[in-house]
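The values are calculated or read from the model by the stated rules, or taken from the named source; none is laboratory data. Note that the structure is predicted; figures quoted are calculated from it, not measured. Please note: Cβ atoms are built from the backbone with ideal geometry, for glycine as well, and neighbour counts cover all protein chains shown.
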Amino acid sequence: MRVLRREGWDVVGVARRADRLAALAAETGADTVVADITRDEDVAALAEHVRSSGGADVLINNAGGALGLDSVEDSALEDWEQMYDSNVLGTKRVIAALLPVLRESVEEGRSASILAVTSIAGREAYAKGGGYNAAKFAERALLRALRLDLVGEPIRVIDIAPGMVKTEEFSLVRFGGDQARADAVYEGVETPLTAEDVAQTIRFAVELPPFVNLDEVVIKPVAQAAPYSVAKGPLRVRDAR
């Protein structure tokens with residue numbers, strides 16, 4: 001939100017937490033809507049708000065998250081259900097509700113893009129990540145199917161898949177508020193990605209000419225080769241001799 005506002009975009013920020021949205025609105029001047037994307041009525045109200053506020057050119061799906069780090073056998077089914085609802089069904093709800101609004105923008109001579117922030121976890125599985133892997137693989141499949149659905153319409157579908165991004169909440173939520181365990185994920189990693197890095201990638205994708213569709217963009221820190229391969233400690237070139 002901050003990056004797009006700095007670049008002059010009108011933004012409607014959406015989240016469940018009213019206090020966080022209020023702080024962002026005060027900081028950036030963005031419009032905000034308190035909504036839970038796992039609730040049909042909230043998503044319908046969001047779509048109506050966007051339509052009545054002048055429509056939309058870009059829809060960015062950035063909700064989701066991971067819960068737990070356990071084997072398929074030992075992980076909680078409730079965590080899988082919650083991850084699927086937020087990462088997959090939430091994305092489906094929002095796209096289905098906002099797609100008519102985007103089409104109205106196209107009819108007015110504007111461009112239209114649907115972008116989702118997925119994860120490299122939707123491309124490669126890793127040990128004890130089964131629930132999150134399954135949700136993100138499904139979200140990626142949803143986007144690829146949507147891309148096929150919309151062939152012939154001037155609407156872009158963009159999948160931004162980050163690797164390790166150091167944020168305030170992702171690992172903390174995953175580990176049930178265990179700050180020490182969350183901090184250990186990034187400990188020793190030289191320069192993990194930040195939310196700003198991902199936001200700048202989003203901005204680049206949506207500000208390209210409207211006929212250019214970045215179907216899939218994978219973004220990782222140099223220290224990370226795969227979900228299960230991360231270098232700890234300073235990065236150094238090998239002895240060339």
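Structure values in brief
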{"item": "Selection from the range 110-141 of residues that are closer than 18 Å to residue 164 by Cα, of a type in the set (Gly, Ala, Ser) and touching a Ser or Thr at 6+ places or on another chain (Cβ under 9 Å)", "result": "116, 127, 130, 131, 135"}
{"item": "Scan of the range 221-230 for residues that are assigned to a loop (DSSP other than H, G, I, E, B) and either farther than 11 Å from residue 164 by Cβ or touching a residue at least 60 places away in the same chain (Cβ under 8 Å) (or both), ordered by number", "result": "227, 228"}
{"item": "Residue that is under 21 Å from the mean Cα position of the chain (by Cα) and modelled with pLDDT under 95, where the choices are 66, 135", "result": "66"}
{"item": "Residue count, the range 104-139 (criterion: assigned to a helix (DSSP H, G or I) and free of Cβ contacts under 8 Å to residues at least 40 places away in the same chain)", "result": "4"}
{"item": "Among residues of the range 5-18, those that are within 15 Å of the chain's Cα centre (by Cα) and either assigned to a loop (DSSP other than H, G, I, E, B) or closer than 15 Å to residue 56 by Cβ (or both), counted", "result": "2"}
{"item": "In the range 19-48, the residues that are in contact with an Asp or Glu (Cβ under 9 Å, 6 or more places away or on another chain), in a helix (DSSP H, G or I), farther than 24 Å from residue 146 by Cα and touching a residue at least 24 places away in the same chain (Cβ under 8 Å)", "result": "none"}
{"item": "Any hit, the range 133-150, residues being more than 20 Å from residue 89 (Cβ to Cβ) and out of contact with any Asp or Glu (no Cβ under 9 Å at 6 or more places or on another chain)", "result": "no"}
{"item": "The range 100-131, subset hydrophobic (A, V, I, L, M, F, W, C) and more than 21 Å from the chain's Cα centre (by Cα), residue nearest to residue 213 (Cα to Cα)", "result": "106"}
{"item": "Looking only at the range 165-190, and only at residues there that are touching a residue at least 24 places away in the same chain (Cβ under 8 Å) and assigned to a helix (DSSP H, G or I), the one that is nearest to the chain's Cα centre (by Cα)", "result": "170"}
{"item": "Selected residue [touching a helix residue (DSSP H, G or I) at 6+ places or on another chain (Cβ under 8 Å) and over 17 Å from residue 199 (Cβ atoms)] from 53, 113, 105, 71", "result": "71"}
{"item": "Residue check, residue 45 closer than 25 Å to residue 108 by Cα and surrounded by fewer than 18 Cβ atoms within 10 Å (Cβ to Cβ)", "result": "yes"}
{"item": "Selected residue [without any contact (Cβ under 8 Å) to a residue 60 or more places away in the chain and hydrophobic (A, V, I, L, M, F, W, C)] from 206, 157", "result": "157"}
{"item": "Unmet criterion (only one of (1) on the phi < 0 side of the Ramachandran plot; (2) modelled with pLDDT under 95) for residue 188", "result": "(1)"}
{"item": "Residue among 125, 112, 135 that alone is under 29 Å from residue 220 (Cα atoms) and surrounded by fewer than 18 Cβ atoms within 10 Å (Cβ to Cβ)", "result": "125"}
